[in-house]
Amino acid sequence: MIQALVDSALERKVLVLAFGVMLFVWGIISFRSLPVEAYPDVANNWVQIITQWPGRAGEEIEQQVTIPIEVQMNGIAHLSNLRSISVFGLSVVTLVFDDDSDNLVNRQQALERLSQVSFPPNVNPQLGPDYSPVGQIYFYTLTSTNPQYDLMELKSLEDWFLVKQLKSVPNVVDVVSFGGLTREYQVLVDPNKLISYGLSIGQVEQALAANNVNAGGSFIEEGQQAITIRAVGLMRDTRDIGATLLRVQGGTPVYVRDVASIAQGPKIRLGQIGKAIHHEQGRVVDRDDVVEGIVLLRKAADPDPTLVALHDKIRELNDHLLPTGVKIVAHLDRADLVGLTTHTVLHNLTEGILLVVGVLFLFLGNVTGAVIVAITIPFSLLFASILLDLRHIPANLLSLGALDFGMVVHGAVVMVENILRFLGLPNPASRSTEERVRAAAHEVQRPVFYSVAIIITAYVPIF
């Protein structure tokens with residue numbers, strides 16, 4: 001069959017050459033449009049159910065939260081296994097599905113089953129973000145040269161502004177925040193004053209909760225107009241908290257400010273994030289307390305357009321939307337990793353082709369034959385890019401970085417070596433075969449673009 005293909009290629013040189021050029025151009029187009037991921041996503045389809053119940057022991061979390069969720073989730077279609085962990089104040093149940101399942105359908109089934117579970121009061125489970133473990137595409141920190149934006153203000157800016165802005169980028173499923181000081185309103189009760197007024201902590205908590213609400217009313221008609229009535233009771237600042245009425249004692253009202261001091265302060269911290277930058281000059285900039293964010297990519301989404309849109313959004317935030325002196329600084333950018341590794345792969349590919357040409361020339365003793373064999377490297381890679389693009393399969397840095405030039409050129413080496421070997425065998429008894437071999441050898445001595453036709457016709461069936 002290969003002999004027939006070679007004979008057909010020799011008879012139709014222009015057609016085969018045109019076909020080779022078409023494959024080459026098509027391969028370049030496919031290679032440029034082929035998405036390149038940093039790592040292959042080998043993670044299973046999974047759904048996480050996360051439940052927080054502050055102040056409760058792990059045993060209580062297991063009995064009243066984790067086990068009811070496990071019982072209800074068993075039996076979901078395509079569920080392969082179920083894992084859970086219960087610690088102080090936290091329950092995490094992980095549902096792992098087989099590869100034939102659809103991730104969005106899995107999440108919908110989990111929500112339907114979750115609505116049938118009875119939980120203790122004030123326990124609200126939620127699904128974790130729909131991302132893959134390799135979906136952490138952008139790490140950043142917030143820096144500030146503005147004295148008005150300290151660590152607490154940066155944390156508030158991160159939680160209430162930046163997360164919303166970055167999640168507006170297509171295929172960004174979530175932004176995880178770490179570090180900083182979380183702002184909260186603190187009511188510091190004086191026990192002596194509380195006792196003197198005959199009050200308890202529970203009464204203070206109840207009064208604060210009851211007075212921190214808005215109420216809607218009806219409307220009043222006045223001529224042709226209708227005036228809406230509503231009661232605004234939400235607290236806006238520390239003065240509103242201090243003006244909350246606790247009780248009336250002897251005709252004198254007792255407010256929260258009479259028994260406590262109210263202030264804004266940081267929430268109790270459970271951890272801290274630091275960042276050290278090592279400059280080339282040997283200087284180290286150590287920041288022991290920073291605000292960090294991690295951008296998560298939606299599972300099975302294409303990271304390249306997402307990173308382009310994310311860079312545009314961050315550029316807009318730094319230049320126009322963030323306060324003066326506050327900037328988003330990239331700490332780890334997946335685009336840099338992909339770009340640098342792709343450059344390294346292309347650099348190694350070029351060096352590999354030159355090395356293969358040199359080695360083959362030493363062993364074959366024929367420059368044209370060595371060049372023909374070396375040309376199979378880019379042709380095979382471009383042909384593989386065509387197939388990957390047609391199947392919508394992204395390339396990844398692990399596969400690109402593990403190219404084996406020996407395996408790529410093995411078939412072409414065998415063919416060219418045999419052609420050169422047949423050239424040196426004077427055997428009149430096999431004139432018809434010798435004529436074919438000499439015809440093929442004659443093409444080997446031609447310019448390279450003619451001899452590429454022989455290699456293509458022999459190499460394509462291997463794929």
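Under the simplified labelling scheme, the Val87-Leu5 pair shows an inter-label distance of 5.8 nm, with each label point 7 Å from Cα along Cα→Cβ.
Take the Cβ atoms of Ser115 and Ile227, set R0 to 41 Å, and the FRET efficiency comes out at 0.55. In the set (i) 130, 60, 59; (ii) 65, 50, 42; (iii) 79, 63, 53, which value of Cα extents along the principal axes in Å was calculated from the structure you see? Recomputing Cα extents along the principal axes in Å here picks out (i). Summing Cβ point charges (Lys, Arg +1; Asp, Glu -1) relative to the Cα centre of the range 154-238 gives a dipole of roughly 160 debye. Taking label positions 7 Å along the Cα-Cβ direction at both Val284 and Leu390, the computed distance is 5.6 nm, reported to one decimal.
Between Lys167 and Asn214, the contour length at 0.36 nm per residue exceeds the Cα-Cα span by 14.0 nm. Placing a label point 7 Å from the Cα of Gln249 along the Cα-to-Cβ direction, the residues of the range 184-223 whose backbone N falls under 14 Å from that point are 190-201, 203-204. The range 262-305 and the range 313-364 have their alpha-carbon centroids 23 Å apart. Select from Trp26, Phe363, Phe119 the residue farthest towards the positive end of the dipole of the chain; place +1 on Cβ of Lys and Arg, -1 on Cβ of Asp and Glu, and compute about the Cα centre. Farthest towards the positive pole: Phe363. Say the cut-off is 18 Å between C-alpha atoms; which of Lys275/Lys327; Lys155/Lys275; Lys164/Lys267 go over it? From Lys275/Lys327; Lys155/Lys275; Lys164/Lys267, over 18 Å: Lys164/Lys267.
When the helices in the chain are scored as -39500 (n - 2.57) per DSSP H run of 4 or longer and the sum is shared across all residues, what 222 nm value do you end up with, to the nearest 500 deg cm²/dmol?
Working: 18 runs with 209 residues, N = 463.
After summing the helix terms and dividing by the residues of the chain, the value is -14000 deg cm²/dmol.
Membrane-span-like helices of the chain, defined as complete DSSP H segments with a Cα extent of 18 Å or more along the helix axis and a mean Kyte hydropathy of at least -0.5, are identified as 13-33, 334-364, 367-390, 405-423.
Dipole magnitude for the chain: computed about the Cα centre from +1 point charges on Lys and Arg Cβ and -1 point charges on Asp and Glu Cβ, it is near 460 debye. Given a 1.4 Å probe and the protein chains as shown, Trp46 ends up with an accessible area of around 50 Å².
Can you tell me how much longer the chain between Lys275 and Gln126 gets when fully stretched, taken as 0.36 nm per residue apart minus their C-alpha distance, in nm with one decimal? Please list the in-between numbers first.
Working: separation 149, 0.36 × 149 = 53.64 nm, distance 3.12 nm.
Computed gain between Lys275 and Gln126 is 50.5 nm.
Note on the range 170-248 and the range 43-116: Cα centroid distance 34 Å, given to the nearest whole angstrom.
Subtract the Cα-Cα distance of Asn74 and Leu349 from 0.36 nm times their separation in residues, and report this length gain in nm to one decimal. List each step's numbers first, then the result.
Details: separation 275, 0.36 × 275 = 99.00 nm, distance 5.06 nm.
Residue separation times 0.36 nm, minus the Cα-Cα distance, leaves 93.9 nm.
The values are calculated or read from the model by the stated rules, or taken from the named source; none is laboratory data. All of these numbers come straight from a predicted model, not from anything done at the bench. As a convention, Cβ positions derive from the backbone with ideal geometry for all residues, glycine included, and neighbour counts pool all protein chains shown. All accessible areas refer to the heavy atoms of the entire protein, side chains included, with ligands and DNA or RNA removed. Shrake-Rupley method; radii C 1.70, N 1.55, O 1.52, S 1.80 Å.
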